[in-house]
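Quick notes on the structure that follows.
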């Protein structure tokens, strides 16, 4: 390794700022899922309504990642990143003081906007602030901080909820966000090359992508309530297809498109994106269904449920660096395929849970899924980014982040549809545990089958070595 120089010293402070920002967004995503049953009981609403507290954040965040990534290229990444923190922190306060579930969902929309800005600009800032020889190390440390946020979310959220109520999980974003802003304002360097004045922002493409993404998630989340073959559901799916077509046409004809479609002509890149979508759909099903199993099925407190769920993320923190080193030596396809197969095995383990399942078997199922996700994700992401040409690394990063959020939002919607379909529209309390267990079985069985298909998809792609 080369010794640290002045650029490395600056990079450490930049890493701290963007690491805090991305850790905060990950923490917020995982912590809310843990206490959804508690929020649902407090507001006395149905499963279909409360799932929007989680889905809205992921939906808005995912739909805007490409747009804000592009905006950072045009207006400067530091400027856009700091603006994201200015949006995210006050939105967190609004979430904490929301007197109704409608206001909470609206505040989560603002949180999603802020998180999209932070997540889409952070990698570009980090890459431009560290010595090239330490770029991979810096990106790995940022990923570790994100995993720490995911790991802390369940246990910290459960503990805060038990001590001072669920609203405190949003207030804890304030000190993190203020620290990230102060450090970033002082230490993130201004870009040496000013943003291009010639290139323009593809507003039409951004709008069409946002609208298509929104329509798809509405159809997925409301399909169970409306009926999957009902006129409203089919109409929304048709609208999604039409908007998707218009978006693709816009990107083909635009002089400066938001999304360069030529990337998907690379088999390794396109298959990696597909595999990533499957991976995150399966991961989201765990994050959404496990709290209902532990809290409403088994009667555990939010704090205990959070501690149990943290086993999954801790296993990811430990395993991810190892899988990255293995992929550097043997290529990405083998480790990624193995990881997806392990994820499928973990989901099948979780599908067998009922009211008598020993806690250590629940923890084993969570650990196996966490190990599978981390063994898959690091080689898959490295192969995907490595398959992009030098001038398209930033766009590839945006596509990767979008696939992650699209998968998570879709996974929550599908898991919520399974849960709502089994337990019905009961609000607050009154869900018999046996119905929760049936929903858990069906939900994780479907996710396991999807991960099995993902294993085949991952194995079918071309080989790729981590860059």
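None of the figures in this text is laboratory data; all of them are computed from the coordinates on show. Treat the numbers as computed from the prediction; the structure is a model and nothing was measured. We place every Cβ from the backbone using ideal geometry, glycine too, and count neighbours over all the protein chains shown.
Using the count of nearby Cβ atoms within 10 Å as a rough guide to exposure, how do 356, 48, 434 rank from fewest to most?
Values: 356 7, 48 17, 434 12.
Sorted ascending by nearby Cβ count, the order is 356, 434, 48.
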Exercise. How far, in degrees from 0 to 90, does helix 47-75 lean away from the longest principal axis of the Cα atoms of the chain, to the nearest 10?
Worked result: 0 degrees
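Give me the extension gain from residue 460 to residue 435: residue separation times 0.36 nm, minus the current Cα-Cα distance, reported in nm with one decimal.
5.2 nm
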For this session: For the stretch 203-257, just say rounded, prolate or oblate: build the C-alpha gyration tensor, square-root its eigenvalues into a ≥ b ≥ c, call rounded for a/c under 1.5, and beyond that prolate if a/b exceeds b/c, oblate if not.
Result: prolate
Problem set entry | Residues 316, 178, 353, sorted so that the one with the fewest Cβ neighbours within 10 Å comes first | 178, 353, 316
Seminar exercise, completed: In degrees, nearest 10, the alpha-carbon axis of helix 393-423 is tilted away from the dominant principal axis of the alpha carbons of the chain by 10 degrees
Problem set entry | Separation of the residue 260 and residue 201 label points, Cα + 7 Å toward Cβ, nm | 2.1 nm
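Would you mind calculating the gained length between residue 186 and residue 242 on full extension (0.36 nm times residue separation, minus the Cα-Cα distance), in nm to one decimal? Walk me through the intermediate numbers first.
On the way: separation 56, 0.36 × 56 = 20.16 nm, distance 4.56 nm.
Taking 0.36 nm per residue and subtracting the Cα distance, the gain is 15.6 nm.
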Exercise. At a Förster radius of 35 Å, what calculated FRET efficiency corresponds to the Cβ-Cβ distance of residue 164 and residue 79, to the nearest 0.05?
Worked result: 0.45
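Hey, what number do you get for the chain at 222 nm if only DSSP H runs of n ≥ 4 count, each worth -39500 (n - 2.57), divided across all residues, to the nearest 500? Show your work: numbers first, answer last.
Working: 15 runs with 371 residues, N = 467.
My calculation for the chain gives -28000 deg cm²/dmol from helical runs alone.
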Seminar exercise, completed: Per residue, the convex hull enclosing the Cα atoms of the stretch 232-274 spans a volume in Å³ of 83 Å³
For this session: Sticking to Cα atoms, compute the Rg of the chain to one decimal and its Dmax as the biggest Cα-Cα distance, whole number, in Å.
Result: 21.1, 64
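Taking R0 as 45 Å, what FRET efficiency do you get between residue 253 and residue 318 from their Cβ-Cβ distance, rounded to the nearest 0.05? It would help to have the intermediate numbers written out before the result.
Details: r = 47 Å, r/R0 = 1.05.
Result of the calculation: an efficiency of 0.40.
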Problem set entry | Distance in nm between pseudo-label sites at residue 453 and residue 352 (7 Å out along the Cβ direction from Cα) | 2.4 nm
For this session: Take the Cα atoms of the stretch 266-467, find their three principal axes, and give me the spread along each one in whole Å, biggest first.
Result: 56, 30, 27
Exercise. By how many degrees, 0 to 90 and rounded to 10, does the Cα axis of helix 433-460 deviate from the longest principal axis of the chain?
Worked result: 30 degrees
For this session: Report the normalised scattering of the stretch 1-187 as log10 I(q)/I(0) at q = 0.15 Å⁻¹, calculated by the Debye formula with identical scatterers on the alpha carbons.
Result: -0.83
Exercise. On full extension of the chain, what length is gained from residue 445 through residue 361, given 0.36 nm per residue of separation minus the C-alpha to C-alpha distance?
Worked result: 28.6 nm
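Treat the count of other C-beta atoms within 10 Å as a stand-in for reagent exposure and order 399, 39 from fewest to most. Could you put the intermediate results ahead of the total?
Working: 399 25, 39 20.
Lowest count first: 39, 399.
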